[in-house]
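Engineer: Quick one: this structure, given as structure tokens, is what I'll be asking you about.
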Amino acid sequence: MPLDLDKIEFLNMLNEVTEAYTSIILQHQDSTGPFPATGQDAYEYSNFRWVRDSSYTTLGLIYKLQSASEAESGILMDAIEKNFEWWFNIINAEEEGLEYLISTESISATEFFEKALPARFTKEY
């Protein structure tokens, strides 16, 4: 165990950190569903949302459900559902380009980069 802690002490410390980070994550989730790259407004990437990073954050919240109280489960499920809705809205908004990419047998790199989803989005997409 790290820092010469016994298993119970380690799990208690891990639980405290998890609670603190969950609170921060939920506090900074956008009302439209995504989680920002950072909670710091002055940071260069504060206006952007990454589907990949939001998916990792959401996966963490899903794992947190296992140990959540009934009241906390509702809050977590709301955050998870809002994030999934954001992803689905992006996919729906990009449906034409995505269908083209899926159905095309051959495509140039230039055309691919014109049609592919960007790596990051703003709150508004």
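Engineer: Got a sec? Which of Glu70, Glu94, Glu105, Glu111 is out of contact with any helix residue (DSSP H, G or I) (no Cβ under 8 Å at 6 or more places or on another chain), over 11 Å from Pro34 (Cα atoms) and surrounded by 15 or more Cβ atoms within 10 Å (Cβ to Cβ)?
Structural biologist: Glu94
Engineer: Any residue at all in the stretch 17-37 that's in contact with a strand residue (DSSP E or B) (Cβ under 6 Å, 6 or more places away or on another chain) and among the aliphatic types (A, V, I, L, M)?
Structural biologist: Taking every residue of the stretch 17-37 in turn, at least one turns out to be in contact with a strand residue (DSSP E or B) (Cβ under 6 Å, 6 or more places away or on another chain) and among the aliphatic types (A, V, I, L, M).
Engineer: Next up: Which one of the conditions (1) part of a helix (DSSP H, G or I); (2) among the acidic types (Asp, Glu); (3) at pLDDT below 85 does Glu124 fail to meet, given that it meets all the rest?
Structural biologist: (1)
Engineer: If you take the residues in the stretch 78-121 that are part of a loop (DSSP other than H, G, I, E, B) and in contact (Cβ under 8 Å) with a residue 24 or more places away in the chain, which one is farthest from Tyr21 (Cα to Cα)?
Structural biologist: Ranking the qualifying residues of the stretch 78-121, first place goes to Leu117.
Engineer: Something else about it: Can you run down the residue pairs with Cβ atoms below 8 Å, 6 or more apart or on separate chains, where the first is in the stretch 55-77 and among the small types (Gly, Ala, Ser) and the partner is modelled with pLDDT of 95 or more and surrounded by 11 or more Cβ atoms within 10 Å (Cβ to Cβ)?
Structural biologist: What qualifies is Ala68/Leu76.
The values are calculated or read from the model by the stated rules, or taken from the named source; none is laboratory data. Source: prediction; values computed, not measured. Cβ coordinates were reconstructed from backbone atoms using ideal geometry, including for glycine residues, and neighbour counts include every protein chain displayed.
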